[in-house]
Amino acid sequence: MKKIVLAVCAVLTTMTITAQSPKVYFTKDITQESLVKIYEALGVAPKEGQRVAVKISTGESSQSNHLRPEFIKNLVQKVNGNIVECNTAYGGNRSTTANHRKAIEQRGYGETATVDIMDEEGTINLPVSDTKHLQYDIVGSHVQNYDFMINLAHFKGHAMGGFGGVLKNQSIGVASSSGKLYIHSAGTTTTSWHSAAQDDFLESMAAAAQAVHNYFKQEGKDIIYINVMNRLSVDCDCDGHPASPEMNDIGILASTDPVALDRACLDLVFNYNSTTSDNAVPLQNRINRQHGTYIVDYAEQIGLGTKSYQLIDIQISNIGDTKVTTNYRYNVYSLDGKKLLTNADSLDRLAKGTYIVNGEKRIVE
């Protein structure tokens, strides 16, 4: 009887600690319907009359792995939102407003909703809390037209950042073309391409993401975050000829904390059980090559969010009902970084000891 009581106490202690961390909702279903349902699971919706921006990447070409308009259509129309983008800082077919609009129509986004190129009529500077590299964040002036943002990112690799998730979609993605140069150069220039030291660049992205987050956390505004983990190429959607994905799709994740969300996605990638035909190693190597995980470390350091999280399944029935379960999922490492559990539904297989569970140190008794 004593042994059972101790086991119950251990479970209660675990749940109390877990409940202090941000919720990250997860579904393995990648459909139009599940995208809407995971948005609804967050329980944060625009108020009547609020103007909604849905920030995506429109992709560099039809071969890119960007989220397709037919996939996002139901969500965008449910919130009566505008799709928002900014022009790119490199060449390609989205560096000018005229060319960007042609690309948008070619990809079919104009049939889904109004598409707003936010830097079409100029820029504004948002204040940054972290001034280590940036003195401000240069974004499209149309950001002022919105009260609510859904940061809807395609999670994948990236040649410069290592990976792209909601933090990149909110920093580089919301920045104007000149603002992108400012971030890439870690505050050195707004007029020409200059690649800063890698960690300086990642720190600048974190600071810019925080500026946008803080803007939408003002009274009367709000922001939520969704990562879609499909077409997991090592290359970004800004690559018109990306490498083919070598690992299978994982699912959709959503949170109100962008740091927790990107960290949860990284854990799913680095904890992935690879096989010859379903291999996460190329994406892991791309992220490691660029020190990509550092952005979540620094973002937590400057107060944008936390790397610890609760990973919670949502279940969608055949009739479309959503059930948010209390069945937590766990990504577990040993203290020396060895992968132990991936997206597990229980910690029962662990021996007594101290582990890193969903980004935080935990004692299992």
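What residue among Ala196, Ala264, Ala208 shows peak mean-square fluctuation when the chain is described by a Gaussian network model with Cα springs under 10 Å? Result: Ala196 has the largest fluctuation of those listed. With θ taken as phi - 60° and the Karplus curve 6.51 cos²θ - 1.76 cosθ + 1.60 applied, the whole-hertz 3J(HN,Hα) list for region 86-94 is 9, 5, 7, 9, 9, x, x, 9, 10 Hz, x standing for glycine and proline. Assuming charge only on the beta carbon of Lys and Arg (+1) and of Asp and Glu (-1), the dipole of the chain about its Cα centre is about 800 debye to the nearest 20. For the pairs Lys47/Lys102; Lys180/Lys338; Lys168/Lys339; Lys47/Lys168; Lys132/Lys339; Lys47/Lys180, note any where the Cα-Cα span goes beyond 29 Å. With Cα atoms farther than 29 Å apart: Lys47/Lys102; Lys180/Lys338; Lys132/Lys339; Lys47/Lys180.
Counting each DSSP H run of 4 or more residues in the chain as -39500 (n - 2.57), what helix-only mean residue ellipticity at 222 nm follows after dividing by all residues, to the nearest 500 deg cm²/dmol?
The helix contribution divided over the chain gives -9500 deg cm²/dmol.
If you bin all the Cα-Cα distances of region 23-307 at 5 Å, starting from zero, the percentages per bin are 1, 6, 13, 19, 21, 19, 13, 6, 1, 0, 0. Each Cα pair under 8 Å and six or more residues apart adds its sequence gap; the mean of these over the residue count of region 130-204 is a relative contact order of 30 percent.
In this structure the amide hydrogen of Gln310, modeled in the peptide plane, comes within under 5 Å of the amide hydrogens of Lys23, Val24, none closer than 5 places in sequence on its chain.
Here the Karplus relation 6.51 cos²θ - 1.76 cosθ + 1.60, evaluated at θ = phi - 60°, turns the backbone of region 263-279 into coupling constants of 5, 4, 5, 4, 4, 5, 6, 6, 8, 5, 8, 6, 10, 4, 9, 9, 10 Hz, with x for every Gly and Pro.
For Arg289, Arg231, the sequence from fewest to most other C-beta atoms within 10 Å is Arg289, Arg231.
Every number in this text was worked out from the coordinates using simple rules, so none of it is lab data. Note that the structure is predicted; figures quoted are calculated from it, not measured. Heads up, the Cβs are rebuilt from the backbone with ideal geometry, glycines too, and the neighbour counts pull from every protein chain shown.
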